[in-house]
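A short write-up of the structure that comes next.
The values are calculated or read from the model by the stated rules, or taken from the named source; none is laboratory data. What you see is a predicted model; the values in this text were computed from it and never measured. Here Cβ is always computed from backbone atoms with ideal geometry, including for glycine, and neighbour counts include all displayed protein chains.
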Amino acid sequence: MASPSLTPQENASHAVDSHWRASVGFYAWMVGAAFLLRFAYVLAFHTYRFIPTANHYSFGFETGSIAGALARGEGFSSPFGVATGPTTWIGPVYPLICAGVFKLFGLFTTASAIVIFGFNSLCAALTCVPIVEISKRTIGRGAAIWAGWAWAVVPLFFQWPVVWVWDMALSALLLALAFLFALRLGESSQPPSRAWIGLGAFWGLALLANPGLLTFLPFSLAWPFFQQKAQPLRLRLRLVAISVLSLAIVVAPWIVRNSLVYHRLTFIRGNFGFELHMGNFRYSNGMGWGGYHPSVNPRELEKYKKLGEAAYVRENQGIAMKFIREHPAEFLQLTGQRFIDFWDGKAIEYNPFDLHWFIHRLQLPWPRYIHFGLSLLALWGLLLALGSRIKAAWLFASLILYPTAYYLTYTAPRYRHAVEPEMVILSVYLVYELAGAIRKRFGRQG
């Protein structure tokens, strides 16, 4: 309520301050609840305990192995738990975070595991904020609150951050922030150049964490580009170019490093050719893990060590490309199957080799039909959003392309976590609209 003793400007400032304090309090409760629930799961179910092995490979797999090498001063190297030299197997951000934890709390210790899962839980909890902010700008304030709390408290969304030492929670947060960044940039009629520079720099960091997010990049740039139609085309093109240049500056040092390691131009990750072979060979089920992975096949590991990573990846890529050329119909069939598998949760039932100790860790109470159900709700919500022409509906639709690399190689249920915040928004939108329609209909009858 405005105070008569204050000027209009002072009243406006007071209203802004009150709104800001209310927002901070609201988000503090939501983020706090989300974090505590996830971290309590870690402690209650002892997910920080890993099967002890000589090389500690069960602690984060490639991520943990590289982080361990970093912490020992061996550089970004050795993704399979044994000394094999420099690597470009995964992006650098998350292994560097884990390496920092190892330096402070010990190599592969229980304390380090708890801290890393705490970090994952914090990333997941902070994702509540962009979920609500995206929702307020698209599906409405009422549904936004439900979407935020759904992410915070529904156990399905605890699944990967609390059991995997990997970047899933960080990737989900970064993609949601990229979505929000694009929306906010599009809302301003004359955004300053520094906003576009910030978007590019943010994307550089996001890609260093997970290059798989790249498929959303052009859409996140296109949204503000087309929203600012009042600006001259030349100016908008210049702003996009500035953003891309900012991104390039952030990722360039890592690309230079990788290119020196591989002796040819190499992006943030250099193992795509290997991943392509993992899911594409004669009579493959398309799910990957056909016994070819160096982490489980001693013969492949010896070949990897003998050839070196660059030559090993090239050899696998050559085998995969030969298969695709000679059996294009089978490759298309596998790709179509992977598209379905990504969304219907089938991969969660796939046990590719005898890792009962690890599969036991993942026996969480969310079977395949729960994952499939979320996909159906999100798809229905997307169709409703497109039909109702809600703001940024096509930006949501573009996320169907996010798993393109997984469609071509192989998929796993944890890969979907990066887009689950947006799936939650669409699902809540559907339920909220249906509930409103039901209330309206029965209210009239009453």
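Of all residues in the range 55-87, those that are in contact with a helix residue (DSSP H, G or I) (Cβ under 6 Å, 6 or more places away or on another chain), among the small types (Gly, Ala, Ser) and more than 15 Å from Lys305 (Cβ to Cβ) total 2. Determine, yes or no, whether Thr109 is surrounded by fewer than 23 Cβ atoms within 10 Å (Cβ to Cβ), hydroxyl-bearing (Ser, Thr, Tyr) and farther than 22 Å from Pro403 by Cα. Yes; evaluated as a whole, the condition is true for this residue.
Rundown of residues vs (1) under 23 Å from Ala393 (Cβ atoms); (2) of a type in the set (Val, Ile, Thr); (3) surrounded by fewer than 19 Cβ atoms within 10 Å (Cβ to Cβ), yes/no style:
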position	(1), (2), (3)
Phe181	yes, no, no
Gly186	yes, no, no
Gln190	no, no, yes
Trp196	no, no, no
Ala209	no, no, no
Pro218	yes, no, yes
Ala222	yes, no, yes
Gln227	yes, no, no
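The set of residues in the range 133-164 being of a type in the set (Val, Ile, Thr), at pLDDT 95 or above and either crowded, with 24+ Cβ neighbours inside 10 Å or under 30 Å from Tyr57 (Cα atoms) (or both) consists of Ile134, Ile139.
Taking (1) part of a loop (DSSP other than H, G, I, E, B); (2) β-branched (Val, Ile, Thr); (3) without any contact (Cβ under 8 Å) to a residue 60 or more places away in the chain in turn, Ile255 satisfies each apart from (1). The conditions of being modelled with pLDDT under 95, over 17 Å from Trp160 (Cβ atoms) and among the β-branched types (Val, Ile, Thr) are met by Val24. For the range 299-352, a residue qualifies if it is small (Gly, Ala, Ser), farther than 21 Å from Thr87 by Cα and assigned to a loop (DSSP other than H, G, I, E, B), and exactly one does: Gly345. Evaluated against (1) within 21 Å of the chain's Cα centre (by Cα); (2) buried (at least 19 other Cβ atoms within 10 Å of the Cβ); (3) part of a helix (DSSP H, G or I), Leu96 falls short on exactly one condition, (2). Of the listed requirements (1) surrounded by fewer than 19 Cβ atoms within 10 Å (Cβ to Cβ); (2) polar (S, T, N, Q); (3) modelled with pLDDT of 85 or more; (4) part of a helix (DSSP H, G or I), Asn55 misses just one: (4). Quick check: is even one residue across the range 275-282 out of contact with any Gly (no Cβ under 7 Å at 6 or more places or on another chain) and either on the phi > 0 side of the Ramachandran plot or surrounded by fewer than 20 Cβ atoms within 10 Å (Cβ to Cβ) (or both)? Within the range 275-282, one or more residues are out of contact with any Gly (no Cβ under 7 Å at 6 or more places or on another chain) and either on the phi > 0 side of the Ramachandran plot or surrounded by fewer than 20 Cβ atoms within 10 Å (Cβ to Cβ) (or both). Is there a residue in the range 430-441 that is under 21 Å from Phe339 (Cβ atoms), buried (at least 20 other Cβ atoms within 10 Å of the Cβ) and either in contact with a strand residue (DSSP E or B) (Cβ under 9 Å, 6 or more places away or on another chain) or in contact (Cβ under 8 Å) with a residue 40 or more places away in the chain (or both)? Checked the range 430-441: no residue is under 21 Å from Phe339 (Cβ atoms), buried (at least 20 other Cβ atoms within 10 Å of the Cβ) and either in contact with a strand residue (DSSP E or B) (Cβ under 9 Å, 6 or more places away or on another chain) or in contact (Cβ under 8 Å) with a residue 40 or more places away in the chain (or both). Taking (1) of a type in the set (A, V, I, L, M, F, W, C); (2) free of Cβ contacts under 8 Å to residues at least 12 places away in the same chain; (3) crowded, with 21+ Cβ neighbours inside 10 Å in turn, Ile400 satisfies each apart from (3).
Here is a yes/no grid of residues against (1) under 19 Å from Gly186 (Cα atoms); (2) touching a residue at least 24 places away in the same chain (Cβ under 8 Å); (3) among the charged types (D, E, K, R):
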{"position": "Ile131", "(1), (2), (3)": "yes, yes, no"}
{"position": "Arg137", "(1), (2), (3)": "yes, yes, yes"}
{"position": "Pro155", "(1), (2), (3)": "no, yes, no"}
{"position": "Gln159", "(1), (2), (3)": "no, yes, no"}
{"position": "Trp164", "(1), (2), (3)": "no, yes, no"}
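If the condition is being without any contact (Cβ under 8 Å) to a residue 60 or more places away in the chain and over 19 Å from Asn55 (Cα atoms), then the range 105-125 contributes Val115, Phe119, Cys123.
Restricting to the range 129-146, give me the number of residues that are under 21 Å from the mean Cα position of the chain (by Cα) and among the charged types (D, E, K, R). So the answer is 1.
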